[in-house]
Amino acid sequence: MDIVVDNDRSLKYETNSLYRRVFNFFFIPALNILPSRSRKFIGKSHRSVGEVVENATTHKALEVLYKKGHKSHTVSVLQKILHAVWFDTNNSKAVRNRLRLVERELSGSIRRIFGQVKDVKILSIASGSARAIVESVENSSLSDANHVSVTFLDKNPQALEYSKALLRESSLYADDRYDFTWVNGTAGSYLDSQTSKFNIVEMVGLLDYFDDEKAVSIFQKIRNIIESGGTFITANICDNRERRFMTRAIGWEMVYRSADDLGRLLLKAGFKDDELNLYYEPLKIHVVAVATRK
C-alpha cells in the first residue's frame with residue numbers, strides 16, 4: 001500500500017502563497033472560535049457563500065465550490081474581497097484539488113481498461129452532480145470500437161436531475177457510444193441487489209459520512225462487483241486546521257480519516273496491500289484511494 005502526497009504540476013493544484021500562509025496563521029484561529037450562530041452572518045456576507053452554507057453536504061454546495069462561486073455574485077470591490085477570503089480557504093481549495101485528482105485517476109483507469117475490453121462499465125455511487133465522471137469520460141479519447149455504460153446512483157432525485165442537465169451540456173450527449181442510467185436509491189440497497197459487475201466503481205464524498213463499520217461493509221460489497229482488473233476509486237476528508245470552523249460555523253459535519261485509516265478499512269474489507277495506492281492532494285485535506293483488483 002503506497003501513500004504519497006501528489007504534486008502533479010499538470011493538474012494545476014491550488015496551494016497557498018506565502019501571503020496566504022501568513023494570512024491563515026491569524027485567520028484560521030479566528031474562524032475556529034466562531035460559534036454556530038455566526039452561520040447566518042457568514043451566509044449573508046456573500047451570495048455564493050450563502051448557497052454553500054444553505055446546501056452544506058449536498059451536490060449544490062460542492063458545485064458552488066468547484067466553480068468558486070458565481071461571477072454575478074462578485075462585482076463590487078467588497079464582494080471581490082469576501083470572495084477571496086471565503087473561496088480561498090484551505091477546505092475550499094482542497095475540494096477542487098480532490099476533483100482534479102479524482103478526474104485524473106478516473107481518466108487513467110478508463111484508458112487502461114479500454115486496452116483490455118471494448119465495453120467499459122462504470123458505477124458512480126452517491127454520484128451527486130456527476131461532474132468528475134462526465135468530465136473524465138469526456139477526456140478519455142474513446143475510439144469508435146469502444147463503448148461506455150455509466151450508472152449514476154444517488155438517493156437525492158435533485159442530484160440525478162442536475163447530472164442529467166450537466167450531461168446534456170457535454171459532448172457525450174446523443175453520442176451512441178455512451179449509455180447512461182440514473183438510479184434513485186441508497187448505496188447499501190443497490191449493492192445488495194446488484195448481480196452485474198463493473199470495470200470502474202467511483203464513490204467520492206459519501207465515505208465522509210460513514211462510520212468505520214459501515215465503510216467496511218460498503219467496501220466489501222463494492223469489491224464483489226468489480227471485474228478482475230477493475231478499479232475502485234474513493235476518497236475521504238482528513239483532519240485539518242479548519243475542521244472546527246467547518247463543523248460549527250458552516251454546519252458541515254463529517255467523519256475525518258487519514259490515509260492510513262482509509263487504507264486500513266480497505267484492507268479489512270478484503271482489498272490486498274498491493275492493490276492499493278493512496279494519494280493526498282497537496283493541502284493534505286483529502287485523500288484519494290485507488291484500488292485495482294487483481
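Quick notes on this structure:
- Of all the listed residues (L99, L78, L82), the sole one being under 30 Å from H147 (Cα atoms) and part of a helix (DSSP H, G or I) is L99.
- R177 falls short on exactly one of the conditions (1) closer than 21 Å to V102 by Cβ; (2) surrounded by 12 or more Cβ atoms within 10 Å (Cβ to Cβ), and that condition is (1).
- Boolean, E105 is in a helix (DSSP H, G or I), in the same structural domain as L206 (by TED's automatic domain parsing) and touching an Asp or Glu at 6+ places or on another chain (Cβ under 7 Å): no
- Restricting I237, I225 to residues that are surrounded by fewer than 21 Cβ atoms within 10 Å (Cβ to Cβ), within 30 Å of K121 (Cβ to Cβ) and either in contact with a Gly (Cβ under 7 Å, 6 or more places away or on another chain) or modelled with pLDDT of 95 or more (or both) narrows the list to I225.
- Positions within region 174-188 being of a type outside the set (V, I, T), over 24 Å from F114 (Cβ atoms) and part of a loop (DSSP other than H, G, I, E, B), in sequence order: G185
- Residues that are at negative phi and surrounded by fewer than 18 Cβ atoms within 10 Å (Cβ to Cβ) within region 244-253 comprise R244, T247, E253, listed in sequence order.
- First in region 146-172 and part of a helix (DSSP H, G or I), second anywhere and modelled with pLDDT of 95 or more and hydroxyl-bearing (S, T, Y), Cβ under 7 Å, 6 or more apart: A159/S127; A159/S129; Y162/S129; S163/S127; S163/S129; L166/S129
- Of the residues examined, R241 is one that is in contact with a Pro (Cβ under 9 Å, 6 or more places away or on another chain), part of a loop (DSSP other than H, G, I, E, B), more than 20 Å from R293 (Cβ to Cβ) and of a type in the set (K, R).
- Selected residue (only one of A215, A259, A187 is out of contact with any helix residue (DSSP H, G or I) (no Cβ under 8 Å at 6 or more places or on another chain), crowded, with 20+ Cβ neighbours inside 10 Å and not assigned by TED's automatic domain parsing to the domain that holds S36): A259
- Residue pairs whose Cβ atoms lie under 7 Å apart, separated by 6 or more positions or on different chains, with the first residue in region 4-19 and hydroxyl-bearing (S, T, Y) and the second modelled with pLDDT of 95 or more, are Y13/N97; Y13/R100; Y13/E281; Y13/P282; T15/P282; T15/L283.
The values are calculated or read from the model by the stated rules, or taken from the named source; none is laboratory data. Since the structure is predicted, the reported quantities are computational estimates derived from the model, not experimental observations. Methodologically, a virtual Cβ is constructed for each residue, glycine included, from the backbone with ideal geometry; neighbour enumeration extends over all protein chains shown.
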